[in-house]
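**Student:** Sending over a structure as structure tokens; questions will come in a sec.
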Amino acid sequence: MTEMTGIDGKLPSGKIVIIASRYNEGICDSLVRGSVDTLTRAGFAQDDLEILRVPGAWELVMVAANALDRKEVLGVVTLGCVIKGETTHDEHINRSVSDAIMQLGVQTRKPIGFGLLTCNTLEQALQRSGGTVGNKGDEAAGAVVELLRLGEKLKT
């Protein structure tokens, strides 16, 4: 029986694009910092990273699709924060964006780190963007790194 992971191993050469919402800017900035830290610790140079800002979570998908079309782009990290309000608007945004990002990954066969916070309160968002629950930007970037390493192992 063979078992492989991408916890360690070689990374391919290319660019990682971090796409971050400007909505809930402070939270998203923290998610970006977490992603950049993880990617540079993994071995990507600053020149290998590109940060693109979009108005909100809804726009993450289109920009991710455009980035993934570029040959030099190995994968993307999508970051945003939707906090529940008085209506069900958040549910529609979260479900649509989540489904579309998953479909992009399947279609392009390139890793997409999912760092869209879907929180009920501002406090929950703060705790997930560098607080007591960790930094989901870090986790999303880590998932991309792991999938890229696993992909390299599967080539050999």
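**Student:** Quick one: work out the % antiparallel among DSSP beta bridges in the chain, nearest 5.
**Tutor:** Antiparallel: roughly 10 percent of the beta bridges in the chain.
**Student:** Here's a follow-up. I'd like to know which of GLY75, THR118, ALA140 lies farthest towards the positive end of the charge dipole of the stretch 60-156, counting +1 on Cβ of Lys and Arg and -1 on Cβ of Asp and Glu.
**Tutor:** Looking along the dipole axis, the top candidate is GLY75.
**Student:** Right, another one. When all alpha-carbon pairs of the chain are counted, what percent fall beyond 29 Å?
**Tutor:** In whole percent, the long-distance tail amounts to 15.
**Student:** Under a 1.4 angstrom probe, counting protein chains only, how are LYS136, LYS155 ranked by accessible area, largest first?
**Tutor:** LYS155, LYS136
**Student:** Roll a 1.4 Å probe over the protein heavy atoms and report the accessible area of ASP47 in Å², nearest 10.
**Tutor:** Answer for ASP47: close to 130 Å² accessible.
**Student:** Assuming 0.36 nm per residue, please report the length gained on full extension of the stretch THR88 to GLU152 beyond their Cα-Cα distance.
**Tutor:** Contour length minus Cα-Cα distance gives 18.9 nm.
**Student:** Highest mean first, how do 26-35, 142-151 rank when packing is the count of other Cβ atoms within 10 Å averaged over residues?
**Tutor:** Per-residue mean Cβ counts within 10 Å order the peptides as 26-35, 142-151.
The values are calculated or read from the model by the stated rules, or taken from the named source; none is laboratory data. Bear in mind the structure is a predicted one, so any value in this text is a computation, not a measurement. Methodologically, a virtual Cβ is constructed for each residue, glycine included, from the backbone with ideal geometry; neighbour enumeration extends over all protein chains shown. Just so you know, the surface numbers come from the protein's heavy atoms only, side chains and all, with ligands and any DNA or RNA stripped out. Shrake-Rupley method; radii C 1.70, N 1.55, O 1.52, S 1.80 Å.
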